[in-house]
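These notes concern the structure reproduced below.
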Amino acid sequence: MNNFSYTQATTAKEATRQRKDEPTAAYIAGGTTLLDLMKANLEEHAQLIDINLLPFKGVEQTKDGLRIGAMERMNDVGEHALVRELFPAVSESLLLAASPQLRNMASIGGNILQRTRCGYFRDAAFPCNKRVPGSGCPALQGDNHNLAILGTSEACIATAYPGDLAVALTAFDAVLTLENPKGKQRRVPVTEFYLLPGTTPQRETVLEPGELIVAVTLPLTAHARRSTYLKVRERASYAYALASAAVGLDVQSGTIRAARVALGGVGTRPWRSPEAEKVLTGAPATEATFRAAAAAALQGAQPREHNRYKVELAQNTLVRALQQVAG
Amino acid sequence: MQSDLFPDSDAPQPDDSSRRSFMKQAGGILGLALAPPLVAQAERLTAYSKTIEGATEVTLRVNGQARTLRIEPRVTLLDALREYLDLTGTKKGCDHGQCGACTVHVDGRRINSCLTLAVMQQGKEITTIEGLAQGEQLHPMQEAFIKHDGFQCGYCTPGQIMSGVACVKEGHAGTDAQAREWMSGNLCRCGAYANILAAVREVAQRG
Ligand SMILES: Cc1cc2nc3c(=O)[nH]c(=O)nc-3n(C[C@H](O)[C@H](O)[C@H](O)COP(=O)(O)OP(=O)(O)OC[C@H]3O[C@@H](n4cnc5c(N)ncnc54)[C@H](O)[C@@H]3O)c2cc1C
Ligand code: SF4
Ligand code: FES
Ligand code: FES
């Protein structure tokens, strides 16, 4: 880890001003992504700005829905009574992630900005377009067993966001509140926050330099109340998803009135599937419908040598998740 | 760099600029660790300006004692405990949040000390495996690990015990399945899981 100076900020203004003065500075919240990468010399920062004292706290109902402060910790949000009741899938996505210790440290904002687990990205000895633009992508022909099959490009096939929470946020139309160094706030839907890799895999989100994530707001809906997050991994716990599904259904007398579907572990970004939702909406809540929706969701998949298994795995994961919420 | 591992050997001596920055914030962060506990922590922290550069004196509260050490900001809490305070009970397994060997409690919550900076933990109550026993009286979780033979080589054990204590306190050891899930942040290469589980469950059931 390179040497750096450390500053504790107590207001957003103080944090962003520090960041403007030192362009290579980074914010640190829980530190579980940032220090991990800095120890591997994958990131270097001259200054770390501690944002743990910023008042981005609380889980509360507002007129726009449930608002969760970016500095709240994963465990606290996952176990929060309102989150459990109104957004079971969000609660489950948090409590199935990482480990209890990490979830006590990790913030909601940091979770949204975690980085890919692509092995080549995480080993500075290899070229990687995401880490060093233009250097190449060894994963195309190499070990790609945990990489994406949807939204890939010739430049990068990584699941840029490998985690869980943002998959649930993507399914349930969450909106991020961001604040820039001028103190100006803007709201960005999660579905527009993450970028596809295209020819610029180093650009992963629409976050501007120095901009802070302040909060996440989730609109209250019937389909979000009846939701689940199903995560499939190589071991029972403490592992990233090979495939996951966040789904919500509003079923009335056997007919699906509204549906939300997002997949994790298979897309270059948290993968919302309007195709699956279209199949589900207005259809009977039966296994045949769920199978058709799963087929539609994976229609555009472009698997490679070691991740072909994900096409079927993701479909089965989605079907099982839909069966669970349909009851 | 050597300096964050071996503080007493080739650690860079403070040049004038880091001495200045030390003085600049000595009344700040240093002072606040000694401030009366009645003042809310956030209040104490807002009262001072707090940039730390180079090796700087900081105070950590570890196992009920204020300990002052001279560290660079990049020193993790784990390295501060092991290499600067000689509290080697907390183990370094992976150093990347993947094994749980470094588990300690900060303000009563279990965390991985390898992925946080020591300077970020000033003003907090840190408990390590050394702080669990009351004199010669072992903590019930320590006793349960001995009774159930919850280890083989013992390397993961301090982390398992710290995690186990927190797991029971959180109310996450109510069933075998629940305890397994909420203890999953602690890996054991020797595979002593069955006995670890028995120890945690016994302490949970005793209430
Ligand atoms: C072993 C291991 C296993 C894991 N398993 C999972 C898993 O199964 N599922 C899962 O979802 N995640 C998993 N994670 C990832 C973990 O959830 C993230 O590391 C964590 O959520 C990051 O939060 P943090 O507060 O520690 O972020 P930090 O490390 O402090 O910050 C991460 C990045 O976000 C920036 N940042 C942080 N907060 C803000 C903000 N408010 N505004 C602007 N920028 C900000 C920082 O500058 C930094 O670049 C795992 C991590 C580890 C180490
Ligand atoms: S898949 Fe993306 S992150 Fe992985 S090596 Fe290729 S460019 Fe880098
Ligand atoms: S040493 Fe911290 S989790 Fe392994
Ligand atoms: S007892 Fe050897 S690693 Fe757990």
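The values are calculated or read from the model by the stated rules, or taken from the named source; none is laboratory data. The model shown is predicted, which means the values in this text are computed figures rather than measured ones. Cβ coordinates were reconstructed from backbone atoms using ideal geometry, including for glycine residues, and neighbour counts include every protein chain displayed. Protein only, heavy atoms only, side chains kept; ligands, DNA and RNA dropped before computing areas. Shrake-Rupley method; radii C 1.70, N 1.55, O 1.52, S 1.80 Å.
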Please work out which residue is farthest from ligand 4 (Cβ to nearest atom), limiting yourself to the stretch B:163-182 and to residues that are of a type in the set (A, V, I, L, M, F, W, C) and out of contact with any helix residue (DSSP H, G or I) (no Cβ under 6 Å at 6 or more places or on another chain).
-> B:ALA177
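Please work out if A:ALA215 is modelled with pLDDT of 95 or more and in a helix (DSSP H, G or I).
Details: modelled with pLDDT of 95 or more: yes; in a helix (DSSP H, G or I): no.
Taking the combined requirement at face value, the residue does not satisfy it.
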Qualifying positions in the stretch A:170-181 - without any contact (Cβ under 8 Å) to a residue 60 or more places away in the chain and in a loop (DSSP other than H, G, I, E, B) = A:ALA174
Only strands (runs of 3 or more DSSP E) wholly contained in the stretch A:226-324 count here; list those with 3 or more residues that are in contact with a strand residue (DSSP E or B) (Cβ under 9 Å, 6 or more places away or on another chain) and among the hydrophobic types (A, V, I, L, M, F, W, C).
-> A:243-252, A:255-264
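Going through the stretch A:70-107 one residue at a time, which ones are outside any helix (DSSP H, G or I) and more than 16 Å from ligand 3 (Cβ to nearest atom)?
A:ALA70, A:MET71, A:GLU72, A:ARG73, A:GLU79, A:HIS80, A:PHE87, A:LEU96, A:SER107
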In the set B:GLY93, B:GLY135, the lone residue that is modelled with pLDDT under 95 and more than 22 Å from A:ASP50 (Cα to Cα) is B:GLY135
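Looking at the stretch A:1-38, which of the residues that are facing another protein chain (nearest Cβ under 7 Å) and under 16 Å from A:GLY110 (Cβ atoms) is most open to solvent (accessible area, probe 1.4 Å)? Break it down stepwise before answering.
Taking the stretch A:1-38 as the starting set, the residues that turn out to be facing another protein chain (nearest Cβ under 7 Å) are A:1, A:3-8, A:10, A:31-32, A:35-36.
Filter once more, keeping what is under 16 Å from A:GLY110 (Cβ atoms): A:31-32, A:35-36.
Working: A:GLY31: 7, A:THR32: 31, A:LEU35: 0, A:ASP36: 6 Å².
Residue satisfying both the conditions and the ranking: A:THR32.
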Select from the stretch A:77-95 the residues that are within 14 Å of chain B (Cβ to nearest Cβ) and in contact with a Leu (Cβ under 9 Å, 6 or more places away or on another chain) and list them in ascending order.
-> A:GLY78, A:GLU79, A:GLU92, A:LEU94
Out of all the residues in the stretch A:187-200, is one or more part of a strand (DSSP E or B), surrounded by 17 or more Cβ atoms within 10 Å (Cβ to Cβ) and among the polar types (S, T, N, Q)?
-> no
Given A:ARG272, A:ARG291, A:ARG260, which one is closer than 27 Å to A:THR62 by Cα, outside the structural domain of A:THR10 (by TED's automatic domain parsing) and surrounded by fewer than 24 Cβ atoms within 10 Å (Cβ to Cβ)?
-> A:ARG272
Output for the stretch A:47-63, where each listed residue is more than 10 Å from chain B (Cβ to nearest Cβ) and either in contact with a strand residue (DSSP E or B) (Cβ under 6 Å, 6 or more places away or on another chain) or open to solvent by 30 Å² or more (accessible area, probe 1.4 Å) (or both) | A:ILE51, A:PHE56, A:LYS57, A:GLY58, A:VAL59, A:GLU60, A:GLN61, A:THR62, A:LYS63
